[in-house]
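Okay, so here's the structure we're looking at.
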Amino acid sequence: MSNLYQKLINYAKSDCYPFHMPGHKRMINDGMSPYLYDITEIDGFDNLHEPEAVIKEEMEEAARFYQSKATYFLVNGSTCGLLSAICALTSKGEKILVARNCHKSVYHAIFLNELFPIYLYPEYIEEFGINGGISPQKVKDMMEQNKDIHVVVITSPTYEGIVSDLKEIAGIVHEKGGMLIVDEAHGAHFGMQKSFPLSALSCGADVVIQSVHKTLPALTQSALLHVKGDKVDCNRIEKYLHIFQTSSPSYVLLAGITNCIKIARESMQNGYFDQYAKRLDDFYQKVSAFQNIRIMQSNIVGKSAVKHFDQSKIVISSRNMNMTAQRIYEILRDDDHLQLEMCSGDYMIAMTSLMDTAEGFERLYQALKRIDESDRNHVHHKEINWDTNSHEEPFCFRIPQAKVQKRISDAYGDIKMIRLTDAKSKISAEYIYLYPPGIPIAAPGEMITEEIIALIMQYRKAGLTVYGIEGNNAEYVKVLGQE
Ligand SMILES: Cc1ncc(COP(=O)(O)O)c(C=O)c1O
């Protein structure tokens with residue numbers, strides 16, 4: 001048996017608890033082997049690319065459930081939904097207004113359609129060192145300054161659960177004659193219980209993309225694309241879905257989407273969503289007594305353009321702690337067998353879903369409580385700067401302003417590798433980013449500024465992996481040969 005296959009079997013047997021995607025949390029154990037149900041488009045099973053029967057009916061059912069005009073099943077994740085939506089709604093070479101903290105698939109769509117991006121920068125939540133929401137006023141200003149923009153793309157919620165004021169933003173975009181695409185990859189559960197934010201569709205977005213696999217009980221890669229706005233040409237969306245989706249869609253994934261919607265509907269009716277919301281409330285209440293660990297709570301709402309906060313994302317901050325986030329993440333994984341979704345800089349994310357158990361929440365609470373207590377008794381796990389005798393600077397994920405010199409699609413040709421320290425004022429030929437969260441520090445075609453060089457050095461010094469930098473000691477960058 002292959003190593004990966006065996007590793008998965010062993011992992012499934014372990015007591016490791018998943019505070020990460022997918023949202024089914026490996027809790028659906030109906031004895032179903034994927035091999036038994038893995039078919040292709042045989043007679044009687046319809047065709048995702050030309051749906052006429054069962055897949056069409058299931059997509060119509062999903063549209064009724066999510067209250068969209070049309071809903072499409074995606075088996076290549078939100079990635080293919082974002083690529084399709086942006087390519088369908090824009091014409092080659094035009095401007096597009098996008099939040100700088102968008103997923104890389106948005107940048108890839110910009111590349112494919114040779115678009116000229118105008119960036120919207122999220123506000124900043126100083127207290128946690130993470131990005132806040134997108135200010136509606138900024139959307140308005142940018143659309144007034146760039147009257148030729150007619151497509152706007154916003155990520156809401158963010159990976160950390162930050163939700164922007166989409167009602168206000170949709171109103172502005174529509175008033176200016178534009179269309180709003182919302183990357184709601186992390187919000188497929190929105191609107192299903194009153195504790196969760198309203199969905200982007202109900203706030204007036206024209207196209208919404210959701211990864212059901214992230215926050216609902218669905219299999220990895222399964223996602224939805226919803227259309228609501230009358231201005232959206234569904235034929236164009238379908239044309240691009242043909243291009244970006246595999247021609248051999250997995251029926252296991254497709255049936256998993258339909259089962260996920262069934263579970264979600266039943267959970268809204270039978271109180272499971274209420275039970276989940278209550279578990280979250282109890283958890284947040286208990287952790288508010290911690291002294292050193294800080295957990296993001298809904299009191300961030302109303303500042304930094306944050307309209308709502310999705311409580312399903314447990315954002316654990318190690319700022320003001322003696323232990324680093326990486327150390328805590330490792331303790332949780334190795335000692336407590338709790339696998340978190342991510343750790344970056346000085347915070348971690350534990351992702352929860354409807355499928356989390358009371359026992360899971362209790363294990364996380366007890367482990368964090370113990371770490372909080374031990375952190376109070378142990379000083380200086382963090383590196384100390386002996387020159388200043390102070391702790392390291394807190395991490396800063398503030399996004400530097402992009403100085404766009406060329407479109408991403410034009411950033412090719414004579415590419416050179418030079419030392420990062422010599423790269424000031426050169427044009428990047430690569431995406432340079434931290435993953436997670438994956439937001440570009442520089443994209444191809446953008447100038448490498450002093451601020452960017454300093455930020456990369458700071459991340460490297462902190463032991464974080466900066467992608468797009470090469471060499472054994474990560475000291476080289478790819479730049480365009482300059483005229
Ligand atoms: C904000 C955001 N949008 C889109 C995606 C892409 O989603 P998928 O993995 O379903 O393709 C991700 C993936 O992590 C994401 O975090």
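The values are calculated or read from the model by the stated rules, or taken from the named source; none is laboratory data. No experiment lies behind these values; they were computed from the predicted model shown. Don't worry about glycine lacking a Cβ; one is built from the backbone with ideal geometry, like all the others, and counts go over all protein chains shown.
So in region 264-298, with the set limited to residues that are in contact with a strand residue (DSSP E or B) (Cβ under 9 Å, 6 or more places away or on another chain) and in a helix (DSSP H, G or I), which one is surrounded by the most Cβ atoms within 10 Å (Cβ to Cβ)? Going through the qualifying residues, I end up with 283.
Cβ-Cβ distances below 6 Å connect the following pairs, each with a first residue in region 35-57 that is on the phi > 0 side of the Ramachandran plot, a second residue that is surrounded by 11 or more Cβ atoms within 10 Å (Cβ to Cβ) and assigned to a loop (DSSP other than H, G, I, E, B), and a separation of six or more residues or different chains: 46/53. Just to be sure, is residue 354 in a helix (DSSP H, G or I) and crowded, with 22+ Cβ neighbours inside 10 Å? When the stated conditions are applied, residue 354 does not pass them. Taking the conditions exactly as written (on the phi > 0 side of the Ramachandran plot, surrounded by fewer than 24 Cβ atoms within 10 Å (Cβ to Cβ) and more than 16 Å from the ligand (Cβ to nearest atom)), does residue 126 satisfy them or not? No; evaluated as a whole, the condition is false for this residue.
In the condition set (1) modelled with pLDDT under 95; (2) within 16 Å of the ligand (Cβ to nearest atom), residue 13 is compliant with all but (2). Of everything in region 208-222 that is of a type in the set (Ser, Thr, Tyr), assigned to a loop (DSSP other than H, G, I, E, B) and surrounded by 24 or more Cβ atoms within 10 Å (Cβ to Cβ), the residue that is nearest to the ligand (Cβ to nearest atom) is 211. Is region 382-393 home to any residue that is among the basic types (Lys, Arg), at pLDDT below 90 and within 26 Å of residue 108 (Cα to Cα)? Scanning region 382-393, I find no residue that is among the basic types (Lys, Arg), at pLDDT below 90 and within 26 Å of residue 108 (Cα to Cα), so the answer is no.
Across region 223-263, what is the number of residues that are part of a loop (DSSP other than H, G, I, E, B) and either away from the ligand (no atom under 16 Å from the Cβ) or under 21 Å from residue 187 (Cβ atoms) (or both)? The total comes to 8. Scanning region 154-165 for residues that are more than 10 Å from the ligand (Cβ to nearest atom), within 15 Å of residue 204 (Cβ to Cβ) and surrounded by 24 or more Cβ atoms within 10 Å (Cβ to Cβ) yields 154, 163, 164. Taking the criterion of being of a type in the set (A, V, I, L, M) and without any contact (Cβ under 8 Å) to a residue 12 or more places away in the chain, the only residue of region 424-483 that qualifies is 454. The strands (runs of 3 or more DSSP E) falling completely within region 102-203 that include 2 or more residues that are more than 13 Å from residue 86 (Cα to Cα) map to 116-120.
Counting only residues that are of a type in the set (S, T, N, Q) and at pLDDT 95 or above, which one in region 406-428 is farthest from residue 460 (Cα to Cα)?
409
Go over the candidates 121, 66 one by one and state the one that is in contact with a strand residue (DSSP E or B) (Cβ under 7 Å, 6 or more places away or on another chain) and more than 11 Å from the ligand (Cβ to nearest atom). The match here is 66.
Note on region 69-115: residues that are touching a strand residue (DSSP E or B) at 6+ places or on another chain (Cβ under 7 Å), of a type in the set (A, V, I, L, M, F, W, C), more than 15 Å from the ligand (Cβ to nearest atom) and closer than 14 Å to residue 181 by Cβ total 4.
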